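Structure record follows, encoded as structure tokens.
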Amino acid sequence: MNLNLQDKTALVWGSSQGIGKAMAKSFIDEGVTTCLCSRNEESLKLTAQEIKTNHWITADLSKPNQGKQSIFDAKDKLEKDIDILIINTGGPEKNNFLDVTIEQWQKDYQNLWLSSVEALQAVLPSMKKNNWGRIIFITSIAAKEPLSGLTTSNGLRAGISGLVKSISNEFSQFGITINTICPGYTNTDRLKALNLSGETVKNLVPTGRLGRPEEIGNLATFLASDLASYINAQSIAADGGSLKGHY
């Protein structure tokens, strides 16, 4: 299917590996001029060569102003405004509430929340001017149902959904859609570290398998297309049926 994205540009955070890399590849396959972004320069170079893009920038989103700077740097690389922004930040460390220090809250708040706000402030004016834009947050099913031992992730990612609803009310009239994808148990290096057995996966995921990063990538690419122009301010789970609540 031709999604008619050939004249568009994209910036994909966290795209040197895992879900971010799969999203970037999906965009590139659709003809989108795509800029990769990660904190690891060597990984970026290897990924850029593998998925065939000449555009990449480094940013450490756990540091103030890096979210905003990534927008400016990507526009310089692309030599165009950014049409599609994928906000995909690393997951926080496991933690129970009484064990979380204020310093950890502040670090995770910067990484998951403030970096996104910085980027939105920088990218929305040009999207509004161009009367077209796509912003997609990649969060987690933890945004819909809390996961054990992930206190800061549960709290901060759930708040992103409220932010998306609020901003969408202001910018939908300008051809801009803002949505959230909530991946479930997906076959990435982060999940591999948990060393889940096949039986455990079957108990957690009704489809009986882990998700594939490219499945998240393809969903993001669809949401960025005009075919999805009436899908807005939504939190869409891609989880094989893992969520048990009614949302």
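Nothing in this text is a laboratory measurement; each read-out follows from the coordinates by a stated rule. Predicted model, so just to flag it, every value in this text is computed and none were measured. Note: ideal-geometry Cβ built from the backbone for every residue, glycine included; neighbour counts use all protein chains shown.
Tabulated data
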| item | result |
| --- | --- |
| Estimated inter-spin distance, PHE174 and ARG212, nm [label 7 Å along Cα→Cβ] | 3.8 |
| Size of charge dipole - the chain - debye, nearest 20, with Cβ of Lys, Arg +1 and Asp, Glu -1, no other charges | 220 |
| THR58 paired with ASP226, simple spin-label distance in nm, labels 7 Å along Cα-to-beta-carbon | 4.0 |
| Using θ = phi - 60° and Karplus 6.51 cos²θ - 1.76 cosθ + 1.60, couplings along region 29-41 (whole Hz; Gly, Pro as x) | 4, 8, x, 6, 6, 10, 9, 7, 8, 6, 7, 9, 5 |
| Ellipsoid semi-axes in whole angstrom, largest first, where each is sqrt(5λ) of the Cα gyration tensor of region 32-85 | 17, 15, 7 |
| Contour minus Cα-Cα distance for ASN4 and GLN234 (0.36 nm per residue) | 80.6 nm |
| Cα pair distances in region 9-237, grouped into 5 Å bins until the bin that holds the longest one, percent each | 1, 7, 15, 19, 21, 17, 11, 6, 2, 0, 0 |
| Cα centroid separation - region 68-95 against region 123-173, whole Å | 14 |
| Rounded to whole Hz, the Karplus (6.51, -1.76, 1.60) HN-Hα couplings of region 154-163, x for glycine and proline | 4, x, 6, 5, 4, x, 4, 4, x, 4 |
| Total charge dipole magnitude, region 1-99, about the Cα centre, Cβ charges on Lys, Arg, Asp, Glu only, Debye to nearest 20 | 40 |
| Equivalent ellipsoid semi-axes - Cα gyration tensor, region 1-134, angstrom | 27, 17, 13 |
| Relative contact order, percent, region 33-122 [alpha-carbon distance under 8 Å, six or more residues apart] | 32 |
| Rounded to 10°, Cα long-axis angle of helix 66-78 versus longest principal axis of the chain | 40 |
| Residues LYS45 and ASP99, FRET efficiency given R0 of 25 Å [Cβ-Cβ distance, rounded to 0.05] | 0.10 |
| Mean-position separation - Cα centroids, region 207-247 and region 1-35, in angstrom | 16 |
| Distant-in-sequence amide H partners of ILE236 (H built 1.01 Å from N, under 5 Å) | THR180, ILE181, CYS182 |
| Between helix 213-224 and the chain: long-axis angle, C-alpha atoms, 0 to 90°, nearest 10 | 40 |
| Additional length obtainable on full extension of the chain from VAL117 to LYS202, 0.36 nm per residue less Cα span | 26.9 nm |
| For q = 0.12, 0.13, 0.27 Å⁻¹, Debye-computed log10 I/I(0) when each Cα of region 108-188 counts as one equal scatterer | -0.38, -0.44, -1.31 |
| Relative pair counts by distance (%), Cα atoms of region 1-61, 10 Å bins | 26, 56, 16, 2 |
| Whole-number percent relative contact order across the chain, with pairs defined as alpha carbons under 8 Å at least 6 apart | 20 |
| Region 148-187 pair-distance distribution - Cα-Cα, 5 Å bins, rounded % | 5, 19, 23, 20, 14, 10, 7, 2 |
